[in-house]
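What follows is calculated from the coordinates using simple rules that are stated; it is not laboratory data. Everything quoted here is computed from the prediction, not taken from an experiment. Note that we place each Cβ from the backbone using ideal geometry, even for glycine, and neighbour counts take in every protein chain shown.
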Amino acid sequence: MNQSNESLDALKDIKSLMERSSRFISLSGLAGVFSGVFALIGAAAAYWRVNLAPWAVRDTDTRFGTGRIVDIDIDVATFLGIDALLVLLASILVSYYFTKRKASRKQQPLWGTYSKRMLLNLSIPLVTGGLFCVLLFSHGLIGLIAPTTLIFYGLALINAGRFSLEEISYLGLSEIILGLMSFMMLGFGLIFWAVGFGLLHIVYGILMYYRHDR
């Protein structure tokens, strides 16, 4: 019996060693939870501000199922930009803090080969999606930005998931599905955005915490 337990422990150690050597496993579920909370707060602030000062003028272009915005309230656009940047900054800071703490506990380098590969594979779709959203904004296609961000973010997570925890890839797939659903219900982009960046992050963050952090 003791020999069987020792063999099992040895297999667990081997599996842990293989994970450390092939994947960046120090991503923290708590970081996902806090990022989701920040996203929900940001979405609530955006909803409140847009209701007070909505987009000014819409034309009759319905090729994408919604009016194309041609005259944008600068104050609203500035508020939404600052809101998004604050959510992004807070999420990055909290992710760095919890990931660094977990990496130290697991004795895994924070800036190693696989963390670099993960960030590279994450950043390429994110940067591409960000530039694409800027182009959508420049053409007044505001209603397409929310579903587009969800889809490109999902692609980025699936890309990065190859070098990290498997839950990252599942989160990415969920984001893509939600983004496609958002394309079919234009006009509700902020709600889908809150679900994707808020609720899904919280759900998967809790799952990652109970599976890998405790």
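Values computed for the structure shown
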| quantity | calculated |
| --- | --- |
| The range 119-214 - Rg over Rh from alpha carbon coordinates, Kirkwood radius | 1.01 |
| Nonlocal amide H pairs with Ser28, under 5 Å, H built at 1.01 Å | Thr99 |
| Mean Cβ count within 10 Å, highest first, over the residues of peptides 187-200, 78-91 | 187-200, 78-91 |
| Karplus-derived 3J(HN,Hα), 6.51/-1.76/1.60, for each residue of the range 182-192, Hz, glycine and proline x | 5, 5, 7, 9, 4, x, 10, x, 5, 5, 4 |
| 3J(HN,Hα) from dihedral phi, the range 143-153, Karplus parametrisation 6.51/-1.76/1.60, rounded to Hz, x for glycine, proline | x, 8, 5, 4, x, 5, 5, 5, 5, 5, 5 |
| Highest to lowest packing among 94-103, 133-142, 29-38, scored as the average C-beta count within 10 Å | 29-38, 94-103, 133-142 |
| Proxy reagent accessibility, fewest Cβ within 10 Å first, across Tyr204, Tyr170 | Tyr170, Tyr204 |
| Amide H contacts of Phe188 (H built 1.01 Å from N, under 5 Å, at least 5 apart or other chain) | none |
| Karplus-derived HN-Hα couplings along the range 132-140 (A = 6.51, B = -1.76, C = 1.60, θ = phi - 60°), whole Hz, x at Gly and Pro | 5, 5, 4, 5, 4, 4, 5, 9, x |
